[in-house]
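See below for the structure under consideration.
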Amino acid sequence: MILPVLQWVQNVGVFSDLRSSAYVYSVILALHLSAISLFAGMILVTDLRLLGWTLNRYPIAGVVDRLRVLKRIGFILAASCGFLLFCSKAEEYFYNPFFRMKLILFALVALHALVFRGSVYNRALELDLAPRVPTRAKVAAWLSLAIWIGILIAGRAIGYVPGRSGMHYL
Amino acid sequence: MLAANPLNSSSLVFPILECFHIAGFAVAIGTVAIVDFRLLDLGLRDQTPAQLSGGTSLWMLGGLIVAVFSGLLLFSTDPDMYYLNWSFLIKMVCLVLAVVFNYTIHAKVVASSASPGAYRLVAWISLALWISIIFGGIFIASVRSGLG
């Protein structure tokens, strides 16, 4: 049932144009990576602050709260570009094992948020008052770093699976 | 051929190096962006740009070193192709400009209490320079596949 939908999506005018224009495709891909870089900085600084490896003199609450909105914007930008790339070759991505792995890792991101938002990120003030950063906050930071690095690797690997119309990008 | 590059002996080496390259530049550009966003009065506004730069500069340098060294290794797998690729050459020019700008004008303005206008100008130049490197890198592949 999903396959006809994907085939229909990738044959919508805009998306088939995107597929056949190497330049527009590359621009979207570059925007995808640019958004990822900006987003990565914010994820990294948040996690490193929880681990006590950067900006130690300043409260965790300030770092977590002040980056929240920008982080969301960065994620939406990266995801929108990613969605456009997906739509241009929907069927190929669907069969790509690394794309599937990437989707599973995104599900883990959601799960991570579900588990740790209530106990860590929304309780940053408590973390600051504790004599040392609680283990659960450090676990949250390590898991976040691990999942995002996994997403980066899966994302790069997608391009190495030969599709029906040849390799995506080397 | 004088000697075979050992990096070309396995098809896994290139993608693994690419992952290090991407992770390295994401850390470098991401941490510079934290400071640049602050110059634009966004994000970590509780700290001064100088404080943020002080907290992130080592991470930035670490990311940059990983990106440059993995990049050198990637380059070594097919130097002729890269050298003749106009997108690669533009990327190198942007890289030099970004690094020089970062450790001269950018560092000076971040350390000073310049006007908001100066802050904004420096932040936009910095973001534009770093992001142009990413564009240069991506377009190496499209130029390479004969579309340049």
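All of the numbers you see were taken from the coordinates with simple rules; none came from a lab. Given the structure is predicted, the values throughout are model-derived calculations rather than measurements. Counting neighbours? That spans all protein chains shown, and the Cβs are built from the backbone with ideal geometry, glycine included.
Which is the longest stretch in chain A that no exposed loop site breaks, taking sites as trypsin sites (Lys or Arg not before Pro) with a DSSP loop state and at most 13 other Cβ atoms within 10 Å?
It runs A:58-131.
Please check which bits of the stretch B:27-71 a label hung off A:ARG57 would reach, taking the label as a point 7 Å along Cα-to-C-beta and the cut-off as backbone N under 13 Å.
Backbone N within reach: B:47-56.
Can you return the lysines within cross-link range of A:LYS102? Criterion is Cα-Cα under 18 Å, with same-chain partners fewer than 8 residues away left out.
Straight-line reach from A:LYS102, under 18 Å: A:LYS89.
How large is the convex hull of the C-alpha atoms of the stretch A:71-170 per residue, in Å³? Write down the numbers at each step before the final one.
Values: hull volume 10.2 nm³, N = 100.
Cα-based convex hull of the stretch A:71-170, divided per residue, equals 102 Å³.
What aspartates and glutamates does A:LYS138 reach when the alpha-carbon gap must be under 17 Å and sequence neighbours fewer than 8 apart in one chain are set aside?
A:ASP47, A:GLU126, A:ASP128
Which semi-axis lengths, in whole Å and largest first, follow from the square roots of five times the eigenvalues of the Cα gyration tensor of the stretch A:2-158?
Equivalent ellipsoid semi-axes, largest first: 36, 16, 12 Å.
Which log10 I(q)/I(0) values, to two decimals, does the stretch A:1-46 give at q = 0.26, 0.27, 0.31 Å⁻¹ under the Debye formula with one point per Cα?
For the stretch A:1-46 at q = 0.26, 0.27, 0.31 Å⁻¹, log10 I(q)/I(0) is -0.85, -0.88, -0.98.
Taking each pair of distinct Cα atoms in the protein assembly as shown once, what is the resulting Kirkwood hydrodynamic radius in Å?
20.9
Any chance you could tell me what percent of the C-alpha pair distances in the stretch B:1-134 go past 20 Å?
Distances greater than 20 Å cover 49 percent of the Cα pairs.
Hey, in the GNM for chain B with a 10 angstrom Cα cutoff, which one of B:ALA118, B:ALA67, B:ALA26 fluctuates hardest?
Between B:ALA118, B:ALA67, B:ALA26, it is B:ALA118 that shows the largest mean-square fluctuation.
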